[in-house]
Amino acid sequence: MNKNNLSLHLLLLLLTISLPSTQSDDDLIDQICKKTPFYDLCTSTLKSNADPQNTDTKGLAGVMAGILLSNATDTLSYIRGQISETSDPQMERVLAYCAELYIPVVKYNLPQAIDALSKGRFEFASDGISDAAKQADACEKKLSGPLKLSPLSERNRLLHSLSDVAVAIVKLLLKGLIK
């Protein structure tokens, strides 16, 4: 190999090493979110919360699961606040029922799902994440009258949607569709 060819090879090698990845973080988020049931929710959530150091599919699934846990924790706090403020015994019973549904989601299901996700146990993670949606739905079914249109009802719907998005991302990992 002559000196010019060697210089050309070195230049190409340096260019290859220093070129940024052809797929940006936003492209990966867009690609993943297109495979979820709520594209807009997925993209807005991940683009505003993704960790630039951890933007593969597994990392983004972890981000979404973390957002879901934060949302469920916030909803549980909201429910507890409403319980302490209400003087209506029927409303208090419904709110207490919802709190009982959210407590295991916040304390066990989602933390265990996040741990399983980090260890590559995607099926277990998917099950734990989907439990959050089931509990939000069970709470929602207990709501009636003005409670049906309350901020709690909105929180239940958001939690269900976030859960659906997180499960869809974990299922991409299960199927090996996007690395």
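The values are calculated or read from the model by the stated rules, or taken from the named source; none is laboratory data. Note that this is a predicted model, so its numbers are computed, not measured. Note: ideal-geometry Cβ built from the backbone for every residue, glycine included; neighbour counts use all protein chains shown. All accessible areas refer to the heavy atoms of the entire protein, side chains included, with ligands and DNA or RNA removed. Shrake-Rupley method; radii C 1.70, N 1.55, O 1.52, S 1.80 Å.
Structure summary
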read-out: Pick from segment 34-47, criterion open to solvent by less than 30 Å² (accessible area, probe 1.4 Å) and without any contact (Cβ under 8 Å) to a residue 40 or more places away in the chain, ranking: farthest from residue 113 (Cα to Cα); value: 43
read-out: Some residue of segment 164-176 being under 29 Å from residue 86 (Cβ atoms) and at pLDDT 95 or above; value: no
read-out: Residue within segment 48-55 that is exposed (fewer than 14 other Cβ atoms within 10 Å of the Cβ) and in a helix (DSSP H, G or I) present; value: yes
read-out: Residue satisfying all of: in segment 56-73; of a type in the set (Val, Ile, Thr) and open to solvent by 30 Å² or more (accessible area, probe 1.4 Å); farthest from residue 113 (Cα to Cα) among these; value: 73
read-out: Within segment 74-170, helices (runs of 4 or more DSSP H) holding 3 or more residues that are basic (Lys, Arg) and open to solvent by 70 Å² or more (accessible area, probe 1.4 Å); value: 122-142
